[in-house]
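Heads up, the thing below is written out as structure tokens.
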Amino acid sequence: MNILNTNRLILRKLSKDDFYTLYEKIFSDYEVVENTFGSTMFSQEETYEFLLENGNFDSKVGLSVLEEKETNSIIGIGGVLPCRYLDEDDYEIGFILEKKSWGKGYAKEIGSAQIEQIKNDLKKDRAIAVVAPINKASIKSLENLGFIYEKTTVIPRGERLVYSLCLK
């Protein structure tokens with residue numbers, strides 16, 4: 001099931017068949033893990049557990065597979081997740097791209113589609129995003145999408161900057 005379509009990307013529900021590819025492209029790459037999770041590498045078992053817990057297998061909310069349309073290749077994960085970073089029920093946009101897909105404008109493209117999903121499908125008037133302070137490229141992408149910095153918080157993965165975007 002496709003959740004979002006953009007000019008170059010498809011966000012589709014997760015399948016257990018995707019786990020190893022995601023492990024190879026995302027969870028076993030030190031630089032990707034450092035910029036997103038701020039932790040040590042994931043083992044295959046930890047990747048499996050994380051995806052089972054956070055993956056979207058049957059709805060439009062949760063982490064899903066991000067594919068490049070031109071190549072039909074998995075290039076990352078993304079999705080809209082429920083959150084309460086600003087003490088209200090909100091939805092957070094998120095995406096993690098494999099390193100070779102960095103710098104191609106995919107973050108802004110999928111982020112724009114996720115914002116529309118929150119506004120039109122989930123009927124919310126605010127979108128949230130959180131990012132590791134060291135992830136300068138993602139911070140720039142969020143700011144280009146119109147997000148503004150709200151506060152710094154600490155979550156189990158470490159310190160994060162919380163951004164919001166008014167959708168009214």
Suppose each label sits 7 Å from its Cα in the direction of the beta carbon; what would the Ser43-Lys136 distance come out to in nanometres?
3.5 nm
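Quick one: which of 81-94, 61-74 comes out on top by average Cβ neighbours within 10 Å, and what's the full order, highest first?
On the way: 81-94: 16.1, 61-74: 17.6.
The densest-packed peptide leads the list: 61-74, 81-94.
How high is the relative contact order of the range 22-116? Use alpha-carbon pairs under 8 Å, at least six apart in sequence, and give a whole percent.
Details: 124 pairs, mean separation 20.3, N = 95.
This gives 21 percent for the range 22-116.
Given R₀ = 45 Å, what would the calculated FRET efficiency be for Ser28 paired with Arg84, taking r from the Cβ atoms and rounding to 0.05?
Values: r = 31 Å, r/R0 = 0.68.
So, using R0 = 45 Å, E works out to roughly 0.90.
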Label model pair Asn54, Ile148: point-to-point distance (7 angstrom along the Cα→beta-carbon line) in nm is 2.8 nm
Ignoring ligands, DNA and RNA, what percent of the 1.4 Å accessible area of the chain is carbon and sulfur?
47 percent
Flagged links, alpha-carbon separation over 27 Å, of Lys25/Lys124; Lys99/Lys168; Lys16/Lys69; Lys104/Lys168; Lys69/Lys119:
Lys25/Lys124; Lys99/Lys168; Lys104/Lys168
Using a cut-off of 16 Å between alpha-carbon atoms, which aspartates and glutamates can reach Lys123, once sequence neighbours fewer than 8 places away in the same chain are excluded?
Glu88, Asp89, Asp90, Glu92
Residue-normalised value, i.e. accessible area per residue, for the range 11-168 at 1.4 Å probe, in Å², stands at 51 Å²
Tell me the relative contact order for the chain as a rounded percent, counting alpha carbon contacts under 8 Å between residues six or more apart.
19 percent
Labelled set (1) 108, 54, 37; (2) 39, 31, 29; (3) 37, 34, 32; Cα extents along the principal axes in Å computed from this model equals the value at (2)
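The values are calculated or read from the model by the stated rules, or taken from the named source; none is laboratory data. Keep in mind the model is a prediction, meaning the values are calculated, not measured. For neighbour counting, all protein chains shown are included, and Cβ atoms are generated from backbone atoms with ideal geometry for every residue, glycine included. With ligands, DNA and RNA removed, areas are computed over all heavy atoms of the protein, side chains included. Shrake-Rupley method; radii C 1.70, N 1.55, O 1.52, S 1.80 Å.
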